[in-house]
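Participant: So that we are looking at the same thing, I have put the structure below in C-alpha cells.
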Amino acid sequence: MEFGPDIQKVPKGFLCKLCDVKTPNEPSLDAHLKGKKHQHLCRLRAKREAQQESTVYVSGFQPDTSAGALEEYFQQFGPVAEVIMDKERGLYALVEFAETAGTKATLAQLQHCLNGLKLRVKPRERKNFKLASKERQNQTKPHISLEKLSFNLCLASSVNEQMQKMVEIFQLNENESKARQLLLDVLQEVFIEFLPDCQIVPFGSSVNTFGVHSCDLDLVLDLENTKAFQNHNRKCEQQGGDTQSEGGRSEDSILSDIDLTTASQDELLELVATILRKCTPGVFKVHAVNSARLPVVKFSHRQLNLQGDITINNRLAVRNTRFLQLCSGLDSRVRPLVYSVRFWAKQKQIAGNLSGGGPLLNNYALTLLVLFYLQSLSPPVLPSVEQLKEMACEEEQCVIDGWDCTFPSQPFRVPPSKNTDDLCTLLFGFFTYYSTLDFPGSVISLRAGRVLPITDFLSREEEMPDAAESSDATRQKTIRPKLGPVNILDPFELNHNVAGNLTERTHRNLRRELCEAEKYCRSSRYQRKSSKGKSWGIAKLFAPLLEGQDSAGKVPEISIAFRADTLTDSFRAELSSAGETFRVLWFKKVCSALEVVFKEILKCTPSDQVEILQDQAREEEVNNNNESLDSSSDQLAGPSGIKRPLSVEEGPSCSSSSPQGKRMKLEGSADRPEASHWIWTQRHLVWAGRRKIRRILLKTSDETSKPEGGCSSIESRVTQYIIENDPDPKEELKFSMDAVVAGSDDCTKAVLKFKATSDPAGHFQDFYHFLDCFLPKMVETLLAKSE
Ligand code: UTP
C-alpha cells in the first residue's frame with residue numbers, strides 16, 4: 001500500500017497526521033482514508049490552500065481606510081472575492097481574489113499606492129492546515145503548567161492546604177467574572193431589542209462556584225415573557241388597537257416574523273444565531289448545534305476571549321445550577337473537593353468532553369458524583385435532595401417541566417453537618433467509595449441520597465422509584481433513564497442519566513483510574529509531605545501515568561460487562577423480578593452465549609479427554625464443594641457440551657437449554673452463581689484474516705454490513721470459510737476457560753480467564769488477543785436477541 005505524506009508509520013500501526021487518528025493496521029487505515037472525516041478534512045484543506053493562493057496581505061494604508069476602498073483599488077488586478085480587515089487595530093487587510101491570476105498580477109507590480117501612501121503587499125503567509133479540535137485544545141490550554149502547579153502544591157504543608165490551594169489557583173478571578181458579566185449585559189441589551197422582555201440567564205460553571213479560568217459561559221435564553229408579550233400584541237392587533245407596547249417597543253423586528261408559540265426549535269436556534277452573528281459586537285464563530293440533547297448555539301467573543309453557549313428555555317439547568325451553588329454554600333469542604341476531583345479527572349482524561357459531546361463524564365456529572373459521595377457518608381456532609389425539599393419554605397416550592405425542584409434558597413435553612421472529616425480523608429474516601437462501587441449494577445440517586453438497585457429500572461411497566469413524590473408522575477412513568485455502564489440520575493429530571501453518554505471503554509478507564517488513585521492514597525506519599533523534596537499529596541495524584549504502570553501486575557482476563565440497555569424487554573423484566581439475584585440469571589445467559597460462541601460460531605470442539613476429565617471433576621466436586629476456582633482449573637476440566645446445543649439464531653437461554661448439564665459448576669450461592677469451567681480445542685487459525693473474509697462474504701450476501709461480532713450468522717460463515725480453506729490443519733490448540741461473575745462490591749460483569757493447556761505451535765497469544773476484541777461484542781449480540 002502506498003502512503004501519502006499525511007500517513008506516518010508508528011510502532012503500533014499508522015498515524016494519520018491530518019486527522020490525528022491512529023489505526024492499528026492497513027485495512028483500518030484504508031477504511032479511515034475512505035471515511036467521511038478524512039475526506040472532509042482533505043476537501044477543507046484543499047479549499048484553504050486555494051484561498052491562501054488567491055489572497056494577498058496588505059498593510060501601510062491609513063487606519064480609517066475602508067474595505068470598499070481597498071476592494072476598489074485591487075479590482076484593477078482581477079475580480080476581488082472578499083476583503084477582510086484587521087478589525088481591532090486596522091493595520092492590515094487580507095484581499096482575496098476570485099482567481100489566483102489576481103494575486104499574480106498584484107504581486108507582479110512592484111509598487112502600490114493608495115491615498116498617497118505606499119502600500120506593502122505580500123503573498124499571504126502559508127499556514128499549515130490544523131484540525132479545528134486542535135485549535136480548540138490550544139484555546140483551552142491551562143493557565144498554569146502541570147510542573148508549576150505541582151511545584152506550588154508541594155510547598156504546602158498538608159493535603160488540606162494543597163486542596164485549598166486548588167481553589168485559589170483555579171477559581172475565576174474578579175476580572176474574569178466582570179468580563180462575563182459585561183458580555184451578559186451586552187447580550188441582554190441586544191436580545192431584548194428583538195425579543196422584548198426576554199431574559200438571558202447564566203448557568204453552569206461561570207456561576208455555580210466551580211468555574212475555572214477559561215471555562216465556557218453557558219447561557220439560557222428565557223422566552224416565556226416574550227411569548228406573553230407577543231400574545232398580548234397579537235390580541236391588541238386583532239382588536240384593531242395600537243400594536244406598540246406600553247414601553248414603546250416597536251413590533252417591527254426579527255420577532256414579528258416568528259410566532260414563538262409555534263416556532264420549531266430549529267427556527268429559534270437560527271434566530272438566536274442570526275442575532276449573535278449580525279448584531280452582537282465582538283461575537284464570531286457562531287454556529288447552531290441542533291443534534292445535541294439540548295440544542296444550542298455556540299459562539300466566541302474576540303475581545304473577551306470567551307466561548308459561550310446559548311440554549312433556549314432551559315430552566316432546569318438554571319435551577320440545578322442553583323442547587324450546586326447551594327451545596328457549595330452548605331459546607332466549606334465542597335469546593336476544594338470538587339476542584340481537586342475535577343482536575344484529577346481532567347488529567348486522567350476521564351472527564352471534560354471537548355465542545356460538549358463525547359464519551360467522557362461531563363463536569364456536571366462529575367460534580368454530582370462528588371456531592372453524592374458527601375451525601376453517602378456517615379454522618380453525611382450533605383443532605384439528600386429529598387431532605388432538602390423538606391427544609392424549604394412555601395415560597396421556595398418550585399416545579400419545572402413537571403419535575404419537583406424544591407430546595408431552600410439559602411444555606412442557613414440547612415443544619416450544619418456533624419461530619420468532621422478533613423479534606424485529605426474525604427478525597428481518599430471518594431476514591432475508595434467509587435473504586436468499589438458496582439457502577440453498572442447501580443443507579444446513583446442524589447434525590448434519595450443512596451444507590452438504588454438497577455433492577456428497579458429494568459422493567460418498563462413499573463413506576464420509577466423516585467417518581468412517587470413528583471407532581472407529574474404520569475410523564476415520569478413512561479420515560480426511563482437511558483441505562484449504561486454508569487448511571488447517575490439527575491437530582492430533578494429523574495429520567496435523565498447524566499452519565500448516559502459513557503461507553504464501556506470510558507467506564508473501564510474511570511474504574512482503573514479510581515483504583516489507581518485509591519491505591520496511591522493509601523501510601524505515605526499521599527498523606528505526608530516529602531522531606532526529600534519529592535512530589536507528594538495531590539501533586540503526585542495528578543501526575544500522568546508512567547509508561548506500563550496501568551498494565552503492570554494485571555492478570556490477563558476478558559470481561560463481559562452487564563449492559564442493561566442492550567437486553568430485550570422481556571429479559572429485562574425477568575431480571576427485574578429476580579431482584580438481588582439478577583446477576584445469577586444474567587450470568588447463566590452469558591454462559592449459554594459463551595457456549596454458542598465457542599461451539600457454533602468459532603467451531604471449537606470439546607477436548608478429547610472430556611469424558612475422563614468430567615468424571616474426575618464430578619468426583620472432585622462431590623469431595624470438595626468449596627474447591628477454589630484457581631486451584632481447580634487444571635483438574636476440574638469439564639466438557640464444553642450442553643444438553644441441547646443452541647442454534648446460532650436462537651441465541652442463549654437459561655431455562656430448558658441450561659448449559660450446566662455438562663459444564664462444570666464451581667462454588668455457588670443464591671445471589672452468586674457457580675463458576676464455570678470449559679476446555680476447548682481448536683485446530684484452525686479461525687482468528688486470522690477474519691476481517692478480510694467477512695468483507696468478501698458480505699459482498700456476495702444480502703446481509704448488511706455489521707461490525708466484528710455484530711452478527712452471529714456471518715461470523716459462523718467466516719469461521720466455516722477459514723476451516724474449508726485450511727485443508728492442512730495446524731497443531732491443535734487446547735485451552736481452558738473459567739468464568740465467574742462479579743458484582744455488588746465490584747462492577748457487574750462476567751470475568752473469563754483463559755489458559756493454554758496445550759499450545760505446541762504458540763498460537764495462544766494471537767487467539768487470546770482476537771478473543772479480547774471479539775468475545776464481548778459477540779456475546780452482547782447474542783444476549784440482545786435472547787428471550
Ligand atoms: P457542564 O458539564 O459543562 O458543567 O454543564 P460545568 O460546571 O459548566 O463545567 P465546564 O463548563 O465544563 O467547565 C453545564 C451545565 O449544564 C447543565 C448543568 O446546569 C450544568 O451546570 N447540565 C449539564 C444539565 O442540566 N444536565 C446535564 O446532563 C449536563
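Participant: Could you give the distance between the Cα centres of the stretch 270-309 and the stretch 1-66, to the whole Å?
Facilitator: 26 Å
Participant: So what is the relative contact order of the stretch 162-232, in percent, for Cα pairs below 8 Å that sit 6 or more residues apart?
Facilitator: 32 percent
Participant: With r defined as the distance between the Cβ atoms of ASP266 and PHE151 and R0 fixed at 56 Å, what FRET efficiency is calculated, to the nearest 0.05?
Facilitator: Efficiency, from the Cβ-Cβ distance: 0.65.
Participant: A further question on this structure: Under a straight-distance cross-link criterion of Cα-Cα below 21 Å, which lysines are reachable from LYS235, leaving out those fewer than 8 residues away in the same chain?
Facilitator: Excluding near neighbours in sequence, the set is LYS227.
Participant: Grab the beta carbon distance between ASP6 and ILE479, set R0 = 41 Å, and tell me the FRET efficiency rounded to 0.05.
Facilitator: Between ASP6 and ILE479 the formula returns 0.35.
Participant: Please work out the FRET efficiency for the pair ALA108 and SER291, using the Cβ-Cβ distance as r and a Förster radius of 41 Å; give the result to the nearest 0.05.
Facilitator: Rounded to the nearest 0.05, the efficiency is 0.30.
Participant: Answer rounded, prolate or oblate for the stretch 1-54, using the Cα gyration tensor with square roots of eigenvalues a ≥ b ≥ c: rounded when a/c is under 1.5, else prolate when a/b is larger than b/c, else oblate.
Facilitator: Because a/c hits 1.5 or more and a/b exceeds b/c, the stretch 1-54 counts as prolate.
Participant: Which shape class applies to the stretch 674-787: rounded if a/c is under 1.5, otherwise prolate when a/b exceeds b/c and oblate if not, where a ≥ b ≥ c are the square roots of the Cα gyration tensor eigenvalues?
Facilitator: The shape class here is oblate.
Participant: Once amide H atoms are placed 1.01 Å from N in the peptide plane, what residues at a sequence separation of 5 or more from GLY441, or on another chain, have their amide H within under 5 Å of its amide H?
Facilitator: THR748
Participant: Could you check the spin-label model distance between ALA228 and ASP30? Points 7 Å from the Cα along Cα→Cβ, value in nm.
Facilitator: Calculated label separation equals 6.5 nm.
Participant: Let me ask something else about it. Need the full-extension length gain, SER378 to CYS42, defined as separation in residues times 0.36 nm minus the C-alpha distance. One decimal, nm.
Facilitator: The SER378-CYS42 span can extend by a further 115.2 nm.
Participant: Order of 575-586, 25-36, 395-406 by packing, highest average Cβ count within 10 Å first?
Facilitator: Answer by packing, highest mean first, reads 575-586, 395-406, 25-36.
Participant: Give the separation of the Cα centroids, the stretch 679-700 to the stretch 730-787, in Å.
Facilitator: 17 Å
Participant: Run the numbers on the stretch 293-415 and let me know its relative contact order in percent, using alpha-carbon pairs under 8 Å that are six or more apart.
Facilitator: About 19 percent, as a whole number.
Participant: Stretched out fully, how many nm does the piece from LEU182 to LYS235 gain, at 0.36 nm a residue minus the Cα gap?
Facilitator: 15.5 nm
Participant: Shape call for the stretch 312-445 from the C-alpha gyration tensor, a ≥ b ≥ c root eigenvalues: rounded (a/c under 1.5), prolate (a/b greater than b/c) or oblate?
Facilitator: Because a/c hits 1.5 or more and a/b fails to exceed b/c, the stretch 312-445 counts as oblate.
Participant: Take the residue pairs LYS22/LYS692; LYS418/LYS519; LYS12/LYS753; LYS12/LYS34; LYS749/LYS777; LYS603/LYS785 and return only those whose Cα atoms are more than 23 Å apart.
Facilitator: Listed pairs above 23 Å: LYS418/LYS519; LYS12/LYS753.
Participant: Right, another one. Give me Rg/Rg_expected for the stretch 723-787, where Rg uses Cα atoms only and Rg_expected = 2.2 N^0.38 Å with N residues.
Facilitator: So the stretch 723-787 has a normalised radius of gyration of 1.42.
Participant: Right, next: Short version: ³J(HN,Hα) in whole Hz for each residue of the stretch 414-430, in order, from phi by Karplus 6.51 cos²θ - 1.76 cosθ + 1.60 (θ = phi - 60°), x for Gly and Pro, what are they?
Facilitator: Values, residue by residue: 9, x, x, 6, 8, 6, 10, 4, 8, 4, 4, 5, 5, 5, 4, x, 4 Hz.
Participant: For Cα pairs less than 8 Å apart in space and 6+ apart in sequence, what is the mean separation divided by the residue count of the stretch 1-112, i.e. the relative contact order in percent?
Facilitator: Normalised by residue count, the contact order of the stretch 1-112 is 19 percent.
Participant: Pop out the ³J(HN,Hα) list for the stretch 286-301 in order, Karplus 6.51 cos²θ - 1.76 cosθ + 1.60 with θ = phi - 60°, rounded to Hz; leave Gly and Pro as x.
Facilitator: Here the 3J(HN,Hα) series is 8, 8, 8, 10, 7, 7, 5, 3, 10, x, 8, 10, 9, 7, 10, 10 Hz.
A short reminder: the numbers here are calculations on the coordinates, not readings from a lab. Computed from a predicted model, the values in this text were never measured in an experiment. Note: ideal-geometry Cβ built from the backbone for every residue, glycine included; neighbour counts use all protein chains shown.
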